[in-house]
Amino acid sequence: MKKLLLVALAAIGGLLVYRQIQADKAEQDLWTEATDSVPTGSTGA
């Protein structure tokens, strides 16, 4: 029973870490897009 609890806690911990990493990456992507000097989708017109 203790092993099952430990596995469940490890899975929940891993999920939380994964979600935090994804959120940090998304925020970094937004900052990169906002501070990019040359927009990638610009046609110049």
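The values are calculated or read from the model by the stated rules, or taken from the named source; none is laboratory data. As the structure is a computational prediction, the values presented were derived from the model and not from experiment. Just the protein is used for accessible areas: all its heavy atoms, side chains included, with ligands, DNA and RNA removed. Shrake-Rupley method; radii C 1.70, N 1.55, O 1.52, S 1.80 Å.
Enter the accessible area of residue 16 (Å², nearest 10), with the probe set to 1.4 Å and all protein chains included.
That residue has around 110 Å² of solvent-accessible surface.
Multiplying the sequence separation of residue 2 and residue 36 by 0.36 nm and subtracting their Cα-Cα distance, what value in nm do you get? Intermediate results must be reported in sequence, preceding the final value.
On the way: separation 34, 0.36 × 34 = 12.24 nm, distance 5.05 nm.
Result: 7.2 nm gained on full extension.
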